[in-house]
2 protein chains.
Amino acid sequence: MNTEEETSIIIERNRQELSRGVITLALLTILSAPHYGYSLQKELQNRSFEISQDTLYPLLRRLEKQNLLISEWVVEDPRPRKYYRVSVTGLEVCRKLREEWDTLHTAIGGLLHEYE
Amino acid sequence: MNTEEETSIIIERNRQELSRGVITLALLTILSAPHYGYSLQKELQNRSFEISQDTLYPLLRRLEKQNLLISEWVVEDPRPRKYYRVSVTGLEVCRKLREEWDTLHTAIGGLLHEYE
DNA sequence: TGACAATACTGTATGTAATACGGTATTGTG
DNA sequence: CACAATACCGTATTACATACAGTATTGTCA
């Protein structure tokens with residue numbers, strides 16, 4: 001058996017695992033227009049995607065390293081900000097993820113309905 | 001820039017990341033009835049959830065370690081098989097994931113529609 | 001009956017990535 | 001002037017998927 005404490009950590013972890021991939025899709029979609037990290041976090045939160053700085057910034061770095069995002073420092077703003085937007089490759093990935101999403105959506109829909 | 005090879009690996013990785021969490025939800029749902037690893041894999045595949053042995057078996061081990069699944073060896077079958085089913089905790093996690101799914105589903109639906 | 005695909009799992013090494021942690025510094029607000 | 005909000009970075013730790021190599025049985029069909 002787990003303690004209640006352990007159980008809630010496990011729930012949280014699995015909940016985050018579920019949202020992780022979806023957030024990546026949301027992020028790539030939103031970044032068709034440029035955003036900087038902090039504004040993107042707020043934007044995601046407004047749309048009910050909870051993501052912490054500890055997760056978001058490393059995610060942005062990773063996606064840039066994979067060449068799905070392009071970044072640019074803008075120093076003209078009230079303070080320096082690093083803007084990200086999708087690359088051509090990123091857009092392609094975004095489209096594929098959307099297809100995958102549709103497949104999953106259909107599949108899980110049927111399943112959940114069936115198992116009520 | 002990435003080579004085409006690299007790009008397709010990156011696409012594949014992100015595609016799998018998207019499906020990972022969803023597959024966990026599907027798996028917990030299906031395991032309200034007992035299944036053994038191999039039959040579960042086939043069942044998931046029939047429902048368009050692609051998962052390899054290399055991913056499924058370690059996933060089952062992990063979920064059992066987290067006490068979300070209970071396993072039992074059955075030797076009366078044509079050959080020994082290890083059956084898994086959800087525990088009480090697992091069922092609770094499953095319900096939470098379903099709620100999370102609904103939230104994500106709504107959120108991403110609005111987003112994708114908007115950015116169409 | 002002999003070969004080969006399908007079934008059904010295990011253990012452990014490796015690699016990827018999230019998350020945690022600690023930090024820095026500026027800007028807005030009461 | 002204090003303090004919350006903004007806006008980021010680097011690196012250590014931990015979790016986890018995936019890869020790999022293996023073992024062995026059962027069913028099929030020529």
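The values are calculated or read from the model by the stated rules, or taken from the named source; none is laboratory data. Note that the structure is a prediction, hence the values are computed from the model and not measured. Note that we place each Cβ from the backbone using ideal geometry, even for glycine, and neighbour counts take in every protein chain shown. SASA here: full protein model, heavy atoms, side chains in, ligands and nucleic acids out. Shrake-Rupley method; radii C 1.70, N 1.55, O 1.52, S 1.80 Å.
Just a few scattered comments:
- Under 18 Å, Cα to Cα: Lys pairs in the protein assembly as shown, sequence gap 8 or more or different chains: 4
- Taking a point 7 Å from the Cα of B:Ile9 along the Cα-to-Cβ direction, the residues of segment A:28-72 with backbone N closer than 17 Å to it are A:62-68.
- B:Arg47-A:Asp54 pseudo-label distance in nm [points 7 Å out on the Cα-to-Cβ vector]: 3.3 nm
- In a simple Cβ point-charge model (Lys, Arg +1; Asp, Glu -1; nothing else charged), segment B:10-54 has a dipole of about 80 debye relative to its Cα centre.
- Debye, to nearest 20: dipole size of chain B, +1 on Lys, Arg Cβ, -1 on Asp, Glu Cβ: 640 debye
- Taking every protein chain into account, the accessible area of the protein assembly as shown amounts to 56 square angstrom per residue (probe 1.4 Å).
- Between this copy and the others, label points of A:Thr3 are 5.1 nm apart in ascending order, each placed 7 angstrom from Cα in the Cβ direction.
- Take A:Arg95, move 7 Å from Cα toward the beta carbon, and the resulting point lies 4.3 nm from the same point in each other copy, nearest first.
- Among B:Asn2, B:Gln16, B:His113 the positive-end extreme of the charge dipole of chain B (Cβ point charges): B:Gln16
- In nanometres and ascending order, the distances from the B:Glu72 label point to those of the other copies are 6.3 (point 7 Å from Cα along Cα→Cβ).
- Of all chain A residues, the one whose Cβ lies closest to the rotation axis that maps A onto B, given with that distance rounded to whole Å, is A:Gly21, 3.
- Mean-square fluctuations from a GNM of chain B, with a 10 angstrom spring cutoff on Cα atoms, peak among B:Ser48, B:Ser32, B:Ser71 at B:Ser48.
- With 5 Å bins from 0: P(r) over segment A:4-115, alpha-carbon pairs, percent: 2, 10, 18, 20, 19, 13, 8, 6, 3, 1, 0, 0
- Rounded to the nearest 0.05, the FRET efficiency derived from the C-beta distance between B:Met1 and A:Ser39 at R0 = 22 Å is 0.20.
- Cα pair distances in the protein assembly as shown, grouped into 5 Å bins until the bin that holds the longest one, percent each: 1, 6, 13, 16, 17, 15, 12, 9, 5, 3, 2, 1, 0, 0, 0
- Computed label-point distance, nm, for sites A:Glu72 and A:Val88 using a 7 Å Cα→Cβ extension: 1.7 nm
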